[in-house]
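Undergrad: The structure follows.
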Amino acid sequence: MNKTTNGCLALGMLLSMFASAQEEQTKTETLDEVVITDSRFELKRENSGKTVIKISRAEIERNQGRTVAELINTKSGIEINGSRSNAGQNLGVFVRGGRNRQVLVIIDGVQVSDPSQVNGEYDLRLLSLGNIDTIEIIKGAASTLYGSGAAAAVINISTKQAEKNTISATINSSIGTNQSQDDQDFDIADFTNGVNISGTVNRKFNYKTAFNHQFSDGISAAIADNAERDAFSRYSLDVNLGYHFSDAFDLNIFGNITDINSDFDGGSFLDASGNEFTSDQYRVGLSSKYTYTNGSVNLNASYSKFEREFISDFPFTAQADNFILDAYNKYTFNTAFYTIIGLNIINNEVDFDDTEDFNIIDPYVNAVYVSKFGLNINAGARLNNHSEYGTNFTYNFNPSYTYKFDSNNYLKVFGSYSTSFITPSLSQLFGAFGPNPDLDPEENLTIELGLELKYGSNFRASALYFDREEDDVILFDFTDGFFNATEAVNTSGIEFEASYNPIQNLALNVNYTFIDNEDDAGILIPENKFNLSLGYTFSKRTFASISGQFTDDRLANDFRDFPATEVTLDSFTLVNLYFSHTLANKLVRFFGSVDNLFNEDYQDVFGFTTKGANVRVGLQLNL
């Protein structure tokens, strides 16, 4: 299917659903959705030049027991390879064809990354969904606001805030099966528990502590005859203390400890007993905000320490330290013009045979213009100063135009032209496996063009085309180690998203992604991916949903031979069910789910076990 055909298909779907929405429009008006990540200002969605994915607290609560990766994997343009496998499986985060190193994670305003990882990315397995309030995802180059690594997407995570009462507690607990397609004994083998305690004292001091635990057993990491089970466990403790000094000044300090312990196997179709890895994160930081007339000064900073160890016939340890500071001034000239001037400082350090480090010091500026006649512009620039690579310049220009039919309906046309600069990680430069200190940074240019339509309070849809060109792409093979590709890699595609309430209490959400890797093999990246969910609210206390996901066939590498050969993983379709009910006292909510209802037989990661039909039940207790 070529790009022109796909573009026409997406626009046709948009127009047909628009016609349907006209027939079914209700008179109920809801508050305008506000998005933050694409500009750092609270803007109405109609004034944003991006199609921001916003995962609400309600959606997160309807996915308790699942992982962060499983939830994000249902969104357009995103494929998280390994999220459907054994809980300890490494995750490949692909957004619009981009890889892990091109996706930046932010937690409560602070960037996070792990210098001990090969690509320097943050491991989503360290996160617990039970401690998260909302998630915003913007796709496309966002290096102007967020720096190196924000080339394909930014995943902005907000954790749960302290409650207004002096003390409040929420307890989540669920149990479920953890079985493959071939082993359907329905033994209880997966446990997820979380406790959140928070409160506010004298309207000045607030506190929050969260403990979350996951344990999974029952299946082998690799597909193999008579393979042993490979267990996974994660413990995390989060503490946040805040003080409201005055109407002008707030300060929060936070700390986190996360411990992962997991068995792993020897490779595709290769079981191995005794293999184990541990991954520990220790993280402390602060965020503060001083508000003055028409503006605010913001400071976010964190220090993280990562320790990872692999126990096997090929043992490996990695220790890394990471310091990140982001200070910026937000100023609102008037209701039309907003500006940010900031400084981002990063220092990464890893212990190999010798201690290696680099630092990045980036000043940046961004401006947002929101006119009264529909024109909106988001533009900015960043000067990247890298201790290994000197000075480099990135910028973005993101205009949009919103035509309002009336106060509740609009059609938005938007586009963007953005560049990114992606520096090699310390592992790629100096690590234990194929390092190359002569690597050049990757350079990235992304172009977007799209439409978004909101009609009534019950319908929204968007369609866009994107094109990304990457130069000096960093690749790896077992002979040469890390090296820069000599030719540019071009990836393009379309995305379509729609949410629709055809009748009261019935919600339909659908998204479709087409990705064309013209100059790349597109390993593990499906060309077509489709997600659909249908939810019905029977009453204020009862909800049920059914969701489906189609993932096209993908190429994978078979490393059992040398050199590696390419194999094709078959396409697959998954169907999931969910149900929840809150008791009349509103203190207890019960929920249950069935994943992979029809026990689809497929491979998520070549040669490794994929989860079959699994059930889960749980409860949430609010005190």
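The values are calculated or read from the model by the stated rules, or taken from the named source; none is laboratory data. Bear in mind that the values here come from a model prediction, so they are computed numbers and not experimental data. Note: ideal-geometry Cβ built from the backbone for every residue, glycine included; neighbour counts use all protein chains shown.
Quick grid of which residues meet (1) in contact (Cβ under 8 Å) with a residue 40 or more places away in the chain; (2) out of contact with any strand residue (DSSP E or B) (no Cβ under 7 Å at 6 or more places or on another chain); (3) assigned to a loop (DSSP other than H, G, I, E, B):
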site	(1), (2), (3)
T573	no, no, no
S580	yes, no, no
N585	no, yes, yes
F590	no, no, no
V594	no, no, no
D601	yes, yes, yes
F606	yes, no, yes
V617	yes, no, no
Q620	yes, no, no
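Undergrad: Condition check: assigned to a loop (DSSP other than H, G, I, E, B), within 23 Å of the chain's Cα centre (by Cα), crowded, with 16+ Cβ neighbours inside 10 Å and of a type outside the set (A, V, I, L, M, F, W, C). Does P435 satisfy that?
TA: When the stated conditions are applied, P435 does not pass them.
Undergrad: Separate question: Restricting attention to the stretch 542-560, which residues are part of a loop (DSSP other than H, G, I, E, B) and crowded, with 16+ Cβ neighbours inside 10 Å? Before you say what the answer is, go through the steps one by one.
TA: From the stretch 542-560, those part of a loop (DSSP other than H, G, I, E, B) are 552-553, 559-560; that's our starting set.
Residue satisfying the conditions is D552 alone.
Undergrad: On the basis of being part of a strand (DSSP E or B), over 23 Å from R589 (Cβ atoms) and hydrophobic (A, V, I, L, M, F, W, C), does A189 make the cut?
TA: So A189 fits the description; yes.
Undergrad: Follow-up. Is it true that some residue in the stretch 157-166 is hydroxyl-bearing (S, T, Y) and assigned to a strand (DSSP E or B)?
TA: There is at least one residue in the stretch 157-166 that is hydroxyl-bearing (S, T, Y) and assigned to a strand (DSSP E or B).
Undergrad: On to the next question. When the residues of the stretch 350-381 are filtered to those that are touching a Phe, Trp or Tyr at 6+ places or on another chain (Cβ under 8 Å) and of a type in the set (A, V, I, L, M), which remaining residue is surrounded by the most Cβ atoms within 10 Å (Cβ to Cβ)?
TA: Residue satisfying both the conditions and the ranking: V350.
Undergrad: Take the residues in the stretch 321-336 that are assigned to a strand (DSSP E or B) and more than 23 Å from the chain's Cα centre (by Cα), then tell me which one is farthest from D351 (Cα to Cα).
TA: T332
Undergrad: Search the stretch 59-74 for residues that are farther than 16 Å from N531 by Cβ and pair each with any residue that is crowded, with 19+ Cβ neighbours inside 10 Å and of a type in the set (A, V, I, L, M) when their beta-carbon atoms are under 6 Å apart and the residues are at least 6 apart or on different chains.
TA: Sorted first by the residue in the stretch 59-74, then by its partner, the pairs are I60/I132; V68/L124; V68/L127; V68/L129.
Undergrad: Oh, and also: Let me confirm something: among G450, G456, which residue is touching a Ser or Thr at 6+ places or on another chain (Cβ under 7 Å), buried (at least 19 other Cβ atoms within 10 Å of the Cβ) and farther than 25 Å from A152 by Cα?
TA: Going through G450, G456 in turn, the sole match is G456.
Undergrad: Right, something else. Of everything in the stretch 78-90, what is assigned to a loop (DSSP other than H, G, I, E, B), buried (at least 21 other Cβ atoms within 10 Å of the Cβ) and not hydroxyl-bearing (S, T, Y)? Give them in sequence order. Spell out how you get there, then give the answer.
TA: Going residue by residue through the stretch 78-90, those that are assigned to a loop (DSSP other than H, G, I, E, B) are 82-84, 86-90.
This time we only want the ones that are buried (at least 21 other Cβ atoms within 10 Å of the Cβ), so: 82-84, 86-89.
Listed by number, the residues that qualify are G82, R84, N86, A87, G88, Q89.
Undergrad: Moving to a separate point now. Does the stretch 172-180 include one or more residues that are out of contact with any Cys (no Cβ under 6 Å at 6 or more places or on another chain), surrounded by fewer than 17 Cβ atoms within 10 Å (Cβ to Cβ) and part of a loop (DSSP other than H, G, I, E, B)?
TA: No - not one qualifying residue is present in the stretch 172-180.
Undergrad: Would you tally the residues in the stretch 35-63 being of a type in the set (A, V, I, L, M), surrounded by 19 or more Cβ atoms within 10 Å (Cβ to Cβ) and not in a helix (DSSP H, G or I)?
TA: 5
Undergrad: While we're on this one: Could you tell me whether A210 is in a loop (DSSP other than H, G, I, E, B) and among the hydrophobic types (A, V, I, L, M, F, W, C)? Spell out the reasoning first.
TA: Working: in a loop (DSSP other than H, G, I, E, B): no; among the hydrophobic types (A, V, I, L, M, F, W, C): yes.
So A210 fails the test.
Undergrad: Within the stretch 343-380, which residues are part of a strand (DSSP E or B), touching a residue at least 40 places away in the same chain (Cβ under 8 Å) and more than 18 Å from S400 (Cα to Cα)?
TA: Answer for the stretch 343-380, where residues must be part of a strand (DSSP E or B), touching a residue at least 40 places away in the same chain (Cβ under 8 Å) and more than 18 Å from S400 (Cα to Cα): N344, I346, N348, E349, V350, E356, D357, F358, I360, D362, Y364.
Undergrad: Test K75 against the stated conditions and say whether it is out of contact with any His (no Cβ under 9 Å at 6 or more places or on another chain), part of a strand (DSSP E or B) and of a type in the set (K, R).
TA: Against the criterion (out of contact with any His (no Cβ under 9 Å at 6 or more places or on another chain), part of a strand (DSSP E or B) and of a type in the set (K, R)), K75 does not qualify.
Undergrad: Still on this structure, I have one more. Where residues in the stretch 109-148 are among the hydrophobic types (A, V, I, L, M, F, W, C) and assigned to a helix (DSSP H, G or I), which of them is nearest to E470 (Cα to Cα)?
TA: Here the answer is L145.
Undergrad: I'm told I106 meets every condition in (1) part of a loop (DSSP other than H, G, I, E, B); (2) modelled with pLDDT of 90 or more; (3) surrounded by 19 or more Cβ atoms within 10 Å (Cβ to Cβ) except one. Can you identify the failing condition by its number?
TA: Going through (1) part of a loop (DSSP other than H, G, I, E, B); (2) modelled with pLDDT of 90 or more; (3) surrounded by 19 or more Cβ atoms within 10 Å (Cβ to Cβ) one by one, I106 breaks only (1).
Undergrad: Filter the stretch 407-432 for residues that are part of a loop (DSSP other than H, G, I, E, B) and within 20 Å of L508 (Cβ to Cβ) and give the result. Show your work before the answer.
TA: Looking only at the stretch 407-432, we keep the residues that are part of a loop (DSSP other than H, G, I, E, B), and these are 407-408, 423-425, 431-432.
If the condition is that a residue be part of a loop (DSSP other than H, G, I, E, B) and within 20 Å of L508 (Cβ to Cβ), then N408 is the only one that fits.
Undergrad: Oh, and also: Yes or no: K404 assigned to a strand (DSSP E or B), among the basic types (K, R), out of contact with any helix residue (DSSP H, G or I) (no Cβ under 7 Å at 6 or more places or on another chain) and exposed (fewer than 15 other Cβ atoms within 10 Å of the Cβ)?
TA: Criteria met by K404.
Undergrad: Determine which member of the set E452, E443 is in a strand (DSSP E or B), within 20 Å of A498 (Cβ to Cβ) and either under 23 Å from the mean Cα position of the chain (by Cα) or modelled with pLDDT under 95 (or both).
TA: After ruling out the rest, the residue left standing is E452.
Undergrad: Also, quick follow-up: Filter the stretch 259-298 for residues that are among the charged types (D, E, K, R) and part of a loop (DSSP other than H, G, I, E, B) and give the result. Show your work before the answer.
TA: Of the residues in the stretch 259-298, the ones among the charged types (D, E, K, R) are 259, 263, 265, 271, 276, 280, 283, 289.
D265, D271 - these are the residues of the stretch 259-298 that are among the charged types (D, E, K, R) and part of a loop (DSSP other than H, G, I, E, B).
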